[in-house]
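Written below as structure tokens is the structure these notes are about.
The values are calculated or read from the model by the stated rules, or taken from the named source; none is laboratory data. Everything numeric in this text was worked out from a predicted model, so none of it was measured. For neighbour counting, all protein chains shown are included, and Cβ atoms are generated from backbone atoms with ideal geometry for every residue, glycine included. Accessible surface is based on the protein model in full, side chains and every heavy atom, while ligands, DNA and RNA are left aside. Shrake-Rupley method; radii C 1.70, N 1.55, O 1.52, S 1.80 Å.
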Amino acid sequence: MLRQTTSEREGHLLDVIAPTAVLRLAAGRVRPRIVRGNAMVRSRNARAVANLGIACALTIFLGACGSTNLPSFSSSPSVAPESVVPEVPASIRPDEIVGRWGLASFQNPSDRARTEVAARAQCKQPYVIGAGSSGGVIMHLADQATPLELRLKGSPSGKNYIGPPGPAGAEQDREVVSFDGRVLITRFIEKDAATRYGNMVYDRCAPRA
């Protein structure tokens with residue numbers, strides 16, 4: 001049986017460094033230490049080779065970590081994505097727009113006053129905004145025949161929107177252009193819908209105070 005030389009035993013030990021030991025080295029919790037059996041190598045060259053072996057093994061192991069789900073060694077706290085914006089309550093309550101409304105629309109701002117009169121005349125066939133079971137309002141989305149519950153959503157800019165759950169100002173939302181308690185004017189965010197529907201004027205169908 002052939003006897004292994006000291007260098008061969010050192011090479012073998014370097015090849016079988018346990019992952020746990022490498023992890024501890026990477027975390028900086030222990031100093032590099034290699035057991036060399038009963039003989040202690042005093043040569044500076046051998047010591048340099050051993051240190052190089054440790055560095056290579058550590059590099060290979062940490063390189064493999066990039067393709068696995070091993071835990072991070074960083075102690076820095078996780079940071080929430082900057083794109084996440086806290087939900088802002090709307091300045092209009094759902095119960096303020098629940099009711100019966102005359103409905104008309106305009107494109108040219110100069111037609112607004114005339115359109116409000118036309119909307120009031122539509123109270124013979126009113127558009128009904130109902131109360132939703134989850135605190136929203138029952139209205140239609142653009143081009144959808146079946147109404148569904150929508151939410152009133154605020155925004156950091158102070159604008160209010162009506163639309164499905166999600167970020168304020170999304171494609172399916174409509175912006176509340178103005179609301180004075182009596183007349184509600186909205187406009188769809190999606191450009192094609194905004195062009196086709198214009199500024200939608202809702203005039204409350206109730207005796208004026």
(Q) With every protein chain left in place and a probe of 1.4 Å, what is the accessible surface of SER105, to the nearest 10 Å²? (A) 70
(Q) Give me, ordered by chain and number, the residues 5 or more places off ALA131 or on other chains with an amide H under 5 Å from its own placed amide H. (A) ILE138
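To the nearest 0.05, how large is the calculated FRET efficiency for ALA121 and ASP95 if R₀ is 25 Å and r is the Cβ-Cβ distance?
Working: r = 26 Å, r/R0 = 1.03.
Given R0 = 25 Å and the Cβ-Cβ separation, E is 0.45.
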Q) Three principal axis extents, largest first, for the C-alpha atoms of region 85-192, in Å? A) 40, 30, 26
Q. Taking the Cβ of ALA170 as the center, what net charge do the other residues with Cβ under 12 Å away carry, scoring Lys and Arg +1 and Asp and Glu -1?
A. -1
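Could you work out the local net charge near ILE129, counting Lys and Arg as +1, Asp and Glu as -1, over the other residues with Cβ closer than 15 Å to its Cβ?
On the way: positive: ARG93, ARG100, ARG151, ARG174, ARG182, ARG204; negative: ASP95, GLU96, GLU149, ASP203.
Charge balance in the 15 Å sphere: +2.
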Q) For region 105-209, what relative contact order do you get, as a whole percent, if you take Cα pairs closer than 8 Å and at least 6 residues apart? A) 23
